[in-house]
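First up is the structure itself, then whatever we jot down about it.
The values are calculated or read from the model by the stated rules, or taken from the named source; none is laboratory data. Quantities reported herein were computed from a predicted structural model and do not represent experimental measurements. FYI the Cβ positions are ideal-geometry reconstructions off the backbone, even for glycines, and counts take in every protein chain you see.
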Amino acid sequence: MSIYAPYNFVPLSAWIFKPKWAAQVSHDLPFSDGISGTLELTIQSHTPILVGGQQKSATKDHPGEIHFFQAPDERYAIPGTSIKGMIRNVLEIATFGKMRLVDDQWLSVRDLTKGGEFYRQHLAQPVGQNTYRPLACAGWLKLVSTEKNIHWQLTPCEYVRVEHNDLIDWGKQLDILKPERIKKKQSAVERYKYWKHLDIKFDIEGNKRWNHSRPNQTLYLEYAKTKRTLGTGSYEGRLVFTGQPADNTGEKGRKHLEFIFYNPTSTPKEVDEEVVRAFQRIHADSDEWKYWYDKLRKGESIPVFYLEKGNKVDSLGLAMMYRLPYKHSVGETINHTNSDHRAIDFYDFPELLFGTMNEEDTKFSIKSRISFNMAFLENQPQVKKLPPTILGGPKASYYPSYVQQKNAPQITGQQAYMTYMDANAEVRGWKRYPTNSRWEVPKADPALSNKVKVYLYPLAKGALFKCYLNLHNLRPAELGALIWALTWGDNPSLRHGLGMAKPFGFGQISLHLKDDSWQNLRSTNPNGTVPNRDTCLQAFVDLMEEAWAKAQRTGPKKDAQVKWVESEQMTQLLAMADPEKTPGQVDKLAYMPLPQFQKQKNSHWVLPPYVNYNGPSDPELFKRLTDTERWQLAEKALQQEEADKKAAEMTQKLAGFSSDLEKELYRDLFLAPNQSIAEAKATEWIGKMEQHKGEEAQKMAGTLKKFYTDIGKWKGGNKKQKAKIGRIKKVLGE
């Protein structure tokens, strides 16, 4: 059984449509075919709808509450920005725009299950049948402050494991109150609060193979462990606690060991700021990090585990099998499809319509030319209070769904999942919630805490809203794009998704343009007319079909004849807007039970595409670049930029010469393809120099001297070279 979810993805394309008229867009200078005015829209809900307004936080005694948005006069309404965001996303997909408005998260992973092979390969080394040796090293991390800077140092040390039962016996000798508490589920910070005696003497049994088998898994780990006689011995170290995820009941699979760090080296390692930042991102919101960071600020060292790469610290953690930072962020997986998706130095189609703000470079900011007024409810409100439920679901870290996989619905053979660790990992695409032929709110388990539950108060199916769309200086194809996005190309059977609880089927709406509102539009050209609705709509379709066809001809599959509307992206987008295209399993447009997420991952299942697509995939049509290729392109672009700059300087230099002869000499010596050709030309020019007299000959000699000085040959060399220099000096009178 494959993975299922209430969401799916429209694949991200490596092709980005760049409108030719982008540089001409202006609020002040109208297009010759520009259109301005106001259109009236109605919004009809086909399922309950909830646009979030007043909310009450959940407590231990009562679930939270989310009510529908209300204007200051208490009328139910939909903010114009909500409608604008919904339409913008449709156009970002339909016009093959940039995926730039994304939270560029740096995720991490800790996966000890069967499906997490790549994680185990980083943290453990197989040393025999079902036997592994941990790869993480131990050390003490410190924040070092000097007059010049603040930097991070790590002092490596050795570590040994110690049994809970042995610690309890030792704790009783130290009069620690209830030392058996270390077997209870708790954080490391809680343990440090009551276990004050951390320095300890011990002896070591040595590296051995220890049985860590579980009921359904044979497993041995190789490590050193203390002898039972804690408090005495030839070694001294410091006890290090990590969190206890579940009570140590003695059952197989329960955590029953802690650590002792000992024998620190005398040579600390420098830790790159980037490694520390990744470490902090993972732990920033945890109580444990707050505890340790307070000690770091006081100048103390804290116990950490780390992995090395090339004798340098590559990652850090607070446990031996720690959360490993991924090598690539969500944004970088977008770059792996095409780094232009996050570029700010050009506008895509949606940015030209809806505007964009670039804080890094304000010259690439542009105001929106459209706006939606607030949409007010037109009919009698019917508010439904639903049983308490739980909002939420898997995040972008669930790579079987959120990272593009090579096979669907299941990865077979020796292949592994693509994850954010892989150099060529690509984001799955634009996340969408398919429209459904029915809606259902799953009831929360009564045993769960009220703090995770919420009451939803949506408006019932059939709610009708009215709003106005304001346009300023749009070209016919741009207006056609808006009409296409609002009405799905005049297809009344397709729906949008708006508001909260879309995984439950909420917020399925249709947008309708009032027929007589087209007469409210006017041409920005005093002598112009406004094309009719069908003409504008067709102008947009023709624009995209032409651009798409041209893009295909430049890709690897030059003979592809796929139409824009039949592309993989449009096929998935339109299918998810069609309630009749719900895959023959309505029940599967829901979240899987929590245990099933792990089970499906262990079996290498993948979230399949929403509908089957038999045409060429995007990678077949448009080439992806490796990290090396991207670096080479960036290097080439930099070289071209430098060459262009040099050429501009040369042009300016040539403009300063009074004669064509001087310009020709300068070109031959300083703009030659390589030094060998330039030197051959210089020899010719020495002969020409001797055929001239006076000031002109001296100018030529001066240029030749500069050339030979620049290449380090003015002071002579072999006999022939000295003779050339002598001829130049003679003209210069040196």
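Structure notes:
- Identity of the residue in segment 469-511, β-branched (V, I, T) and touching a His at 6+ places or on another chain (Cβ under 8 Å), that ends up farthest from I366 (Cα to Cα): I509
- Taking residues in segment 524-536 that are within 16 Å of G480 (Cβ to Cβ) and in contact (Cβ under 8 Å) with a residue 40 or more places away in the chain, and partners anywhere that are part of a helix (DSSP H, G or I) and of a type in the set (G, A, S), the pairs with Cβ atoms closer than 7 Å and at least 6 places apart or on different chains are C536/G480.
- Test for G717: is it farther than 17 Å from L669 by Cβ and either in a loop (DSSP other than H, G, I, E, B) or in the same structural domain as E679 (by TED's automatic domain parsing) (or both): yes
- With respect to being surrounded by 15 or more Cβ atoms within 10 Å (Cβ to Cβ), of a type in the set (K, R) and assigned by TED's automatic domain parsing to the domain that holds M320, R191 fits the description.
- Pairs are defined by a Cβ separation below 7 Å, a sequence spacing of at least 6 or placement on different chains, a first member in segment 479-500 that is within 22 Å of K581 (Cβ to Cβ) and in contact (Cβ under 8 Å) with a residue 40 or more places away in the chain, and a second member that is among the polar types (S, T, N, Q) and surrounded by fewer than 22 Cβ atoms within 10 Å (Cβ to Cβ); the pairs so defined are R495/S510; L498/S82.
- Odd one out for T535 among (1) closer than 20 Å to N89 by Cα; (2) surrounded by fewer than 18 Cβ atoms within 10 Å (Cβ to Cβ); (3) of a type in the set (V, I, T): (1)
- Of all residues assigned to segment 423-435, none qualifies as being within 30 Å of R522 (Cα to Cα) and in the same structural domain as N520 (by TED's automatic domain parsing).
- Within segment 240-266, the set of residues being closer than 25 Å to D314 by Cβ, outside any strand (DSSP E or B) and either over 37 Å from the mean Cα position of the chain (by Cα) or without any contact (Cβ under 8 Å) to a residue 24 or more places away in the chain (or both) comprises N263, P264, T265, S266.
- Test result for W170, part of a helix (DSSP H, G or I) and either without any contact (Cβ under 8 Å) to a residue 40 or more places away in the chain or touching a strand residue (DSSP E or B) at 6+ places or on another chain (Cβ under 8 Å) (or both): yes
- Among the residues here, Y402 does not qualify as modelled with pLDDT of 90 or more and in contact with a helix residue (DSSP H, G or I) (Cβ under 8 Å, 6 or more places away or on another chain).
- The residue list L486, L482 contains one member that is of a type in the set (A, V, I, L, M) and under 13 Å from I35 (Cβ atoms), which is L482.
- Checklist (1) in a loop (DSSP other than H, G, I, E, B); (2) touching a helix residue (DSSP H, G or I) at 6+ places or on another chain (Cβ under 9 Å); (3) surrounded by fewer than 18 Cβ atoms within 10 Å (Cβ to Cβ) applied to S13, failing item: (3)
- Here D61 clears all of (1) surrounded by fewer than 18 Cβ atoms within 10 Å (Cβ to Cβ); (2) closer than 27 Å to V530 by Cα except the condition numbered (2).
- Elements of type strands (runs of 3 or more DSSP E) in segment 185-239, at least 3 residues being over 19 Å from V304 (Cα atoms) and over 39 Å from the mean Cα position of the chain (by Cα): 204-211
- Residue satisfying all of: in segment 154-188; over 16 Å from L257 (Cα atoms) and not charged (D, E, K, R); surrounded by the most Cβ atoms within 10 Å (Cβ to Cβ) among these: L154
- Filter pass, E236 being surrounded by fewer than 16 Cβ atoms within 10 Å (Cβ to Cβ) and out of contact with any Phe, Trp or Tyr (no Cβ under 8 Å at 6 or more places or on another chain): no
- Test: residue in segment 414-425 that is part of a loop (DSSP other than H, G, I, E, B), β-branched (V, I, T) and touching a residue at least 12 places away in the same chain (Cβ under 8 Å): yes
- One residue stands out in segment 352-376 among those that are more than 18 Å from G34 (Cβ to Cβ) and at pLDDT 95 or above: the one that is surrounded by the fewest Cβ atoms within 10 Å (Cβ to Cβ), namely F376.
- Checking D103 against (1) over 30 Å from M544 (Cα atoms); (2) not assigned by TED's automatic domain parsing to the domain that holds L494, the condition it does not meet: (1)
- Qualifying residue in segment 623-638 (condition: closer than 30 Å to T337 by Cβ and in contact with a Pro (Cβ under 7 Å, 6 or more places away or on another chain)): yes
- Residue within segment 95-109 that is crowded, with 20+ Cβ neighbours inside 10 Å and either more than 25 Å from the chain's Cα centre (by Cα) or assigned to a helix (DSSP H, G or I) (or both) present: no
- Segments classed as strands (runs of 3 or more DSSP E), wholly inside segment 426-540, with at least 1 members that are of a type in the set (S, T, N, Q): 464-474, 508-513
- Selection over segment 401-413 of residues that are in a loop (DSSP other than H, G, I, E, B) and either closer than 15 Å to P11 by Cβ or in contact (Cβ under 8 Å) with a residue 12 or more places away in the chain (or both) gives a count of 8.
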